[in-house]
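As structure tokens, the structure follows; a few thoughts come after it.
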Amino acid sequence: NNDDDDMAPVEMPDETKTTMAPAFELKSLTGSTVKLSDFKNKVVVLFFFGNGCPSCKAAAPNVQTMIQNTFGSNASFMLLGIDQWDGNMASVESFMKSTGVTFPLLMMGSATAKSYSTTYDRLVVIDKSGNIMFNGMQGAANDLAAAKAKIEMLLK
């Protein structure tokens, strides 16, 4: 049977193909409006979380230690937490208090998560040109090392 129809080409991820990070504008816990465009020419990491999600709460301190504490002082770097569960201010504040994170937490992020085709407990790394260079497909804790390596590469 030399029928080529069942030999569909396998889609290989094309490393040269980049996806522009969708723009967003969200309110932070401090009440300020944060836009992705505020961080032009910076490497931006998005930590999508659910304010009551146990694995997110468990991952957040490691995101703080491995990402924020490592790169936070770099002027070319920004880490943002985005609450994909659209919690109110109190629930997002409670997430912040219980995890001890110091990076900005943004609220009402479900539409943003959708535009990134991601869900909670995920890390996304955006390069200085606004391209998504890393889109975590597993819990943030499992992606921390890979995300950190990508950030190191992008900040060189």
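The values are calculated or read from the model by the stated rules, or taken from the named source; none is laboratory data. This one's a predicted model, so the numbers in the text were calculated from it and none came from an experiment. As a convention, Cβ positions derive from the backbone with ideal geometry for all residues, glycine included, and neighbour counts pool all protein chains shown. Surface areas here come from the heavy atoms of the whole protein model, side chains and all, with no ligands, DNA or RNA. Shrake-Rupley method; radii C 1.70, N 1.55, O 1.52, S 1.80 Å.
Using alpha carbons only, how many degrees (0 to 90, rounded to 10) separate the axis of helix 89-99 from the longest principal axis of the chain?
It is inclined by approximately 80 degrees.
State, as an integer percentage, the relative contact order of region 26-109 based on alpha-carbon contacts under 8 Å between residues 6 or more apart.
Over region 26-109, the number comes to 41 percent.
Using only the Cα atoms of region 13-72, build the gyration tensor, take square roots of its eigenvalues as a ≥ b ≥ c, and label the shape rounded, prolate or oblate: rounded if a/c is under 1.5, else prolate if a/b is larger than b/c, else oblate.
Oblate.
Calculate, in nm to one decimal, what residue 86 and residue 73 gain on full extension: separation in residues at 0.36 nm each, minus their alpha carbon distance.
Taking 0.36 nm per residue and subtracting the Cα distance, the gain is 1.8 nm.
Solvent-accessible area per residue for region 57-135 at a 1.4 Å probe radius, Å²?
Value returned for region 57-135: 42 Å² of accessible area per residue.
Taking the chain as a Gaussian network, where each spring joins two C-alpha atoms under 10 Å apart, which residue of 32, 110, 76 fluctuates the most?
Ranking 32, 110, 76 by mean-square fluctuation puts 32 first.
What figure in square angstrom, to the nearest 10, would you give for the accessible area of residue 152 with a 1.4 Å probe?
Around 80 Å² of this residue is reachable by solvent.
Under the rule a/c < 1.5 gives rounded, and otherwise a/b versus b/c splits prolate from oblate, where does region 27-156 land using the Cα gyration tensor?
Rounded.
Pick from 133, 107, 89: which residue has the top mean-square fluctuation in a GNM of the chain where Cα pairs under 10 Å get a spring?
Of 133, 107, 89, the most mobile in the Gaussian network model is 89.
Of 31, 72, 109, which is the most mobile in a GNM of the chain whose springs link Cα atoms less than 10 angstrom apart?
Result: 31 has the largest fluctuation of those listed.
Pairing the Cα long axis of helix 140-155 with the longest principal axis of the chain, what angle in degrees results, from 0 to 90 and rounded to the nearest 10?
80
Could you list which residues have their amide H under 5 Å from that of residue 27, counting only those 5 or more apart in sequence or on another chain, with H placed in the peptide plane?
34, 107
Note down the magnitude of the dipole of the chain about its Cα centre, charges +1 on Lys and Arg C-beta and -1 on Asp and Glu C-beta and zero elsewhere, to the nearest 20 debye.
With Lys and Arg at +1 and Asp and Glu at -1, about 1040 debye.
Over 22 Å between Cα atoms: which of 42/156; 35/114; 114/156; 97/128; 57/156 fall into that group?
Table pairs above 22 Å Cα-Cα are 114/156; 97/128; 57/156.
Determine, from the Cβ-Cβ distance of residue 137 and residue 62 and an R0 of 22 Å, the FRET efficiency 1/(1 + (r/R0)^6), rounded to the nearest 0.05.
E(calc), rounded to 0.05, equals 0.80.
Given a 1.4 Å probe and every protein chain left where it sits, what share in percent of the accessible area of region 54-156 is carbon and sulfur?
Here carbon and sulfur together make up 56 percent of the probe-accessible area.
Where both residues lie in the chain, what percent of DSSP beta bridges are antiparallel, nearest 5?
So the antiparallel bridges in the chain amount to around 60 percent.
Describe numerically, in nm with one decimal, the distance between label points set 7 Å from Cα along Cα→Cβ at residue 114 and at residue 18.
Each label point is offset 7 Å from its Cα along the Cβ direction, giving 2.8 nm.
Return a whole-number percent for the relative contact order of the chain, with Cα pairs under 8 Å and 6 or more residues apart as the contact set.
For the chain, the relative contact order is 29 percent.
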